[in-house]
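K.L.:
Input: one structure, supplied below.
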Amino acid sequence: DQQVKQNSPSLSVQEGRISILNCDYTNSMFDYFLWYKKYPAEGPTFLISISSIKDKNEDGRFTVFLNKSAKHLSLHIVPSQPGDSAVYFCAASAQDTGRRALTFGSGTRLQVQP
Amino acid sequence: DAGITQSPRYKITETGRQVTLMCHQTWSHSYMFWYRQDLGHGLRLIYYSAAADITDKGEVPDGYVVSRSKTENFPLTLESATRSQTSVYFCASRSGGGEKLFFGSGTQLSVL
């Protein structure tokens, strides 16, 4: 039973346009969310995070939105660049478990076309 | 260089063999983790450790053994490898007060 779900295995967008990656979660105890980016043959690298006390967090071209009532978060990349082509993982943690580990989604492969 | 390193980078083994994947970090992070990445499943937690000599099971621990005698090392052993353990394995670490994990480059393991 996946607690963090990324229902779109892949997404293709044109360079300069907006990329929107979605993530849903089922565990209501999750209160901290992260996005990781992964290039082939490399480990995942941290991109951006958001606490459940916020509904938006921005870092340059990347913005994460959190809708707690819908148990949904999304990552917006504007404008998209070819170098953004990678697999993006959504992850979550819960304070009640002492944040022992992150629970990851299955990932979305983003391809940005030049 | 500081960071988290995994070895070997690639490993091919046969069913029934024992194999150990190594993980070393230089940040003195208290927490260390082993995840496996499989198509359609994303990253699944195998084992984690909160400190030296403290380990606990994750989501998919069967067939794996870990140890943590030193803070900086967290080896993962497949006692008797099976084809279903063919995967990419990632080690990660974080400090005690943070949520962000730092990952190694991974070990691609093939069990024939």
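The values are calculated or read from the model by the stated rules, or taken from the named source; none is laboratory data. Because the structure is predicted, anything quoted here is derived from the model rather than measured. Methodologically, a virtual Cβ is constructed for each residue, glycine included, from the backbone with ideal geometry; neighbour enumeration extends over all protein chains shown. Areas reflect the complete protein model, heavy atoms only, side chains present, ligands, DNA and RNA absent. Shrake-Rupley method; radii C 1.70, N 1.55, O 1.52, S 1.80 Å.
K.L.:
Could you sort A:65, B:33 by accessible area so the largest value comes first, with the probe set to 1.4 Å?
P.N.:
Solvent-accessible surface, decreasing: A:65, B:33.
K.L.:
Any chance you could list the semi-axes, whole Å, largest first, of the equivalent ellipsoid that the Cα gyration tensor gives for chain B, using √(5λ)?
P.N.:
22, 14, 13
K.L.:
With the other protein chains left in place, how much accessible area per residue, in square angstrom, belongs to the range B:4-111 at a 1.4 angstrom probe?
P.N.:
Dividing the accessible area of the range B:4-111 by its residue count gives 47 Å².
K.L.:
Pairs of alpha-carbon atoms within less than 8 angstrom and 6+ residues apart define the contacts here; what relative contact order does chain B have, in percent?
P.N.:
The normalised contact order for chain B reaches 36 percent.
K.L.:
At q = 0.08, 0.11, 0.14, 0.18 Å⁻¹, work out log10 I(q)/I(0) for the protein assembly as shown with the Debye formula, treating every Cα as an identical point scatterer and leaving solvent out; two decimals please.
P.N.:
Results for the protein assembly as shown at q = 0.08, 0.11, 0.14, 0.18 Å⁻¹ read -0.29, -0.55, -0.88, -1.33.
K.L.:
Same structure, new question: Using the structure shown, select from A:37/B:70; A:37/B:100; A:5/A:38 the pairs with a Cα to Cα distance greater than 24 angstrom.
P.N.:
Listed pairs above 24 Å: A:37/B:70.
K.L.:
Here is a further query. Can you give me the Cα centroid spacing of the range B:37-70 and the range A:1-40 in angstrom?
P.N.:
Centre-to-centre (Cα) distance: 23 Å.
K.L.:
Taking the Cα centre of chain B as origin and charging only Cβ (+1 Lys, Arg; -1 Asp, Glu), how large is the dipole, in debye to the nearest 20?
P.N.:
160
K.L.:
Pop out the carbon and sulfur fraction of the accessible area of chain A as a percent, whole number, probe 1.4 Å.
P.N.:
Whole-percent figure for carbon plus sulfur exposure: 47.
K.L.:
Please compute the per residue accessible area over chain A with all protein chains in place, 1.4 Å probe, rounded to a whole number of Å².
P.N.:
I get 48 Å² per residue for this part.
K.L.:
How much of residue B:99 can a 1.4 Å solvent probe reach, expressed as accessible area in Å² and rounded to 10?
P.N.:
Spelled out: residue B:99, probe radius 1.4 Å, area about 50 Å².
K.L.:
From the backbone phi of the range B:50-65, what are the Karplus-calculated ³J(HN,Hα) couplings (6.51 cos²θ - 1.76 cosθ + 1.60, θ = phi - 60°) in whole Hz, Gly and Pro given as x?
P.N.:
The phi angles translate into 8, 5, 4, 6, 10, 10, 8, 6, x, 6, 10, x, 4, x, 10, 9 Hz.
K.L.:
Can you compute the modelled spin-label distance between residue A:29 and residue A:14, with each label point 7 Å from Cα toward Cβ, in nm?
P.N.:
4.7
K.L.:
Seen from all sides and averaged, what is the projected area of the convex hull of the Cα atoms in the range A:34-114, in nm²?
P.N.:
Over every viewing direction, the Cα hull of the range A:34-114 projects on average to 6.1 nm².
K.L.:
Mean-square fluctuation check for chain A, GNM, Cα pairs under 10 Å: which of A:95, A:81, A:14 is largest?
P.N.:
Looking only at A:95, A:81, A:14, the largest GNM fluctuation is found for A:95.
K.L.:
Okay, moving on. In Å², nearest 100, what accessible area do chains A and B bury in total when the solvent probe is 1.4 Å?
P.N.:
The summed interface area works out to 1600 Å².
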